[in-house]
Every structure is written in structure tokens, then in C-alpha cells.
1. May I ask you to give the average projected area over all directions of the convex hull of the Cα atoms of the stretch 1-151, in nm² rounded to one decimal?
2. Do the sum for the chain: with -39,500 (n - 2.57) for every DSSP H run of n ≥ 4, divided by all residues, what is the mean residue ellipticity at 222 nm, to the nearest 500 deg cm²/dmol?
3. With a/c under 1.5 counting as rounded, go ahead and sort the stretch 272-340 into rounded, prolate or oblate using the C-alpha gyration tensor (a ≥ b ≥ c being the square roots of the eigenvalues; past the cut-off, prolate if a/b is larger than b/c, else oblate).
4. Rounded to whole Å and sorted largest first, what semi-axes of the equivalent ellipsoid does the C-alpha gyration tensor of the stretch 457-507 yield via the square root of 5 times each eigenvalue?
5. Alpha carbon centre of the stretch 234-293 versus the stretch 428-480: separation in Å?
6. For the stretch 187-249, what is Rg from Cα atoms divided by 2.2 N^0.38 Å, rounded to two decimals?
7. Can you compute the label reach from residue 402? Point 7 Å from Cα along the Cβ direction, backbone N cut-off under 15 Å, restricted to the stretch 353-395.
8. Note down the nm distance, to one decimal, between modelled labels 7 Å out along Cα→Cβ at residue 365 and at residue 418.
Ligand code: 6R9
């Protein structure tokens, strides 16, 4: 239970103004996330508290205090100022989970520019789409990843600077700079940009069914909700050691891997490596992790790894564990209670919502398989086809949220019409389907669109299909999510070949690899089925629903618009 009391009393007495009080914010004064995550902690006497415990891929550990975080983020902010980057300009971050990612993110915000975090696994096409759409003026990257930037830089006329943060001594091309935060002059103070709650802060790209990825634009005022939900849902308290397994290329890695916890002055653990059961449990034991925020695919993999591995480690420091990104199977909650002595608390939210909206509040009875209840201050509903709330308990409909809330996205970058289309009858339409039981618990039913959720990563079928079409052998294609016991879904592509090309295992591998290189390993199909042609509607749209139904053996439903063969 939190200091707000039980869920019910918290819901009743809640007011978003509480966030201002908690953060020590006075109306009318500047509100900059960069300041609240660094300088303010030093002013509160936490300058020598460890902010970041970072373990690199070889197992070496480095620790940075809030004072280090303050000085290093200042160095990044002043570098951008020297490069004449102005407030409001977009600056991409394209690197593995190294400390510079975190310093530069906060530095960009301190300058008043907009941070665009990108997965380092992105191939050149995925990178190009996002950099082009955001009109990025600069990018921070590393030696390891600059090659991909070099391949596309000539197609990015707005890109003024490429900063290689470990580029000391390397041969640089025009517009490229080497920077080293450790040897750069210490910047004791930086005039933090006087942002307001409505000043743009972070641009996160997310996938929809149609069109290229959309950039959800967030504002500095998001910190109010990120701060409160980190405190009351993730249950962080002074002295905690917190570990969020998410990469900042995904919204979870910024909202709850940077902003929320550091706005509370909490010590965070970051691992450079991806999923690795022994390294993960080792980190919990070595660093004494108390609160852990992860995702269902990782949890299912840990279940598969089994209890024997758990027993090799002392995980007794853990106090609270949470999950996000995909439906959390009831078995995972029961299993975690058995082997860790703690149930995973599911949380539901989206890139667009910026923070947790529905969750299993600490102290609340957990119904395994349910996403929990709306966070105090949030109104969530299930809507029928007329976009009015469904009143009957247990009946499925479209999951919707009542705007506004502090961390709500403000638009899709360069795509206002898609943003407007997300609102119906005064509700924000999430794109998910859900039901609410008699006791007010929300249950996830499925997505209301064709977006593929693979291991918590949203993949647009359109993006995969567009990349497939670039392959010389592909005439047409369709991508769907195929059910998978670990990743929930994996990408499966149906491909019709151009004349002169024959299906073969080699060609399948060649196409899969092509997508991995152009998009990312996350969007890479696990399977390709060669077909003569694809089922289409009379208007020529590929019927992914039909392919999906064939895959799962489900009812096919209405196919009256299917083209005649
Ligand atoms: C934070 C994040 C959002 C979509 C969302 C839904 C799925 C997230 C979930 C969940 C079932 C949960 N999703 N949490 N589904 N139970 N607890 O995940 O953002 O990448 O934008 O994805 O993920 O489909 O609409 P994002």
C-alpha cells in the first residue's frame, strides 16, 4: 500500500495537483525534465547518491552520482548550444544502452531541444524513415553505429551534425564531430531552457497499421504523471535500487527508465546486455535490486529457463515487480509468486499515453490475467460501436481514455490528421479491445487493428511489407502476427514472387536477412510462406485478417468483400 492509502481511497482523494506538490513545483515557474532529473536532486542533497549503476557487456561496472549526471548532461547541453542547435529542434540518439545515452537524453532536454531516442538495432531504412520524418538537426551515435548513419546522411538535408560520442581519434567526415564526455571540460552550470508544461520534450516513434511509423510528441509536463505513477504504481521509495529492463528506444525505457525514477532521485541499474537469465539474476543479486519493471516475453523466457537457475541466486532484495508491453499470462503471475515470492503487477499504457494508465496498484487484490484498474485521475472505458461506454460488465469493446491527462501525447509529428482520427465522441481511442468485470478490473482482449506485437515491440505490417517489396524477388506481400508461446506473436510474411524466381529455403533466408538489415531484428519475419497470390478485398486491400485466421484456425468471419478468384 502506498502513502495514498488503498486504491479506493487514493482514487477518491486524487488530484493531478498532487504531482506539483510532490515535485516541489510552483505554478508559473519553469518546468524542465532535464533539471528535475539532475540539478534538483543535487539541490535536495542527493548529489552524492548513485543515480546510475551501469554494467557493460563484459560485466564491468561503473557508477555515476546525481552530480555526475548533472555535469555530464550539462556537457551535452552546452555541446548542442555550441553547435547552434536551437530549442524545438529534433536531436536523435542512436546507440546501445551506454551511459552517454542517458546523459545526452537529459542534455537535449536541458537545452530545450526534442529528444528522439532510436533503437540501436535499427537498420538503415528504419533509421531513415524516422530521421526524415522528424527532420532531425543532429544525431548522437557511437563508432559501432555511425556506419548506418553514413549510409543515409546524404538523403537527410536537414541533418547538420553527427556526433560520435566515443569517436576520439577516428577519421571524421564533414558534419561529423567526436565528443568524449569524460574528457570534455566540466560544465558546472548550464542555463536550463525555461520550458513549460506544454513545451515539447520527447518524440517517440510507434507503429500503426497503415503508413510509416508515427512520432508521438510528448511535453515536459509529462513528468507530473511519470513521477506520480513511478511513486505509486512502481512503488519506488528512497533507498530503492530500481531496474527497468527496457531500452530507451521504447517509451518504457524513457518514461520509466529515465524520467520517473530520476525525478524521484532513485538509483537505477542499466545493463548493456539484452536478455540473459544468469546476467539478469546476477544483477539483481549483485546490485540488490528492490524494484524490477520488465515485460512478458522476458518473463516467459525466465519461466522457460526454470526454477533451478533462480535458486542459484539470492533474489531476496526484491520487494516489488511489475510488467508492461503485452498481455501478462495468469501463469506468469502465479509462477512469479511461487518462485520469487512476489506476483508480477501488470501495467497497461502506450507510447501515446506517455505513462501508466491502468495498473495493479500496490496492495490491490491481483486477479491474474487482468491489467488492473485505472490510475487515480484516469478515466478509462470500454466503448461500443457508437463510441459510448458499454455498461454491461464483461462485454468487450474498444478501450478508450478520457482526455486530457498530463503525459498525453500532443500530436503525431507532421501527421495531425492521424492524431485527430484517434479521438471519437470525446474519447481517445487506444486501438486495443478490452472488457471490464463487475469489480471494475480491466481485461485485455486483443488489438483492434493489424499491428503486430512481438515481444512487446509493435511492428507495422505496412513497414514490413514495404521493405519486402524492395527485395528483387518479391512481387507482393502481406505480414501478420502469428501466435507464439514466448513472444506472443512473431512476424510471418506471405510472399508472392516475381516471374523468374522460385521458392526455396535459401531465398527464404535471403529475404529474412534482407528485412533484418533494412528494418531491424525486431521486425524480421520468423517465417516466410510463398504463395501464388494474396487474398484481397474488392478495393485491392490485402486481407490480413483472412491470413491470420488461416494461421490460427479461427473463424474467418465476413469475407463478402473478398475478391473473386
Ligand atoms: C508501453 C507500451 C502499446 C500497446 C498497447 C497494447 C500493448 C501494453 C499491455 C499491453 C496487454 C498490457 N500492451 N501493455 N497489452 N496488457 N499490460 O507498451 O507502449 O509500445 O506503444 O505499445 O502494447 O496493445 O496498445 P507501446
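1. Computed as one quarter of the Cα hull surface, the answer is 12.4 nm².
2. After summing the helix terms and dividing by residue count, I get -8000 deg cm²/dmol.
3. Verdict is rounded for the stretch 272-340.
4. Details: eigenvalues 106, 34, 11 Å².
Over the Cα atoms of the stretch 457-507, the ellipsoid semi-axes are 23, 13, 7 Å.
5. About 27 Å separates the Cα centre of the stretch 234-293 from the one of the stretch 428-480.
6. Working it through for the stretch 187-249, the quotient is 1.48.
7. 374-383, 388-391
8. A separation of 4.2 nm, rounded to one decimal place.
Only the coordinates and a few stated rules stand behind these numbers; no lab work does. Remember, it's a predicted structure, so these values are computed and weren't measured experimentally. For neighbour counting, all protein chains shown are included, and Cβ atoms are generated from backbone atoms with ideal geometry for every residue, glycine included.
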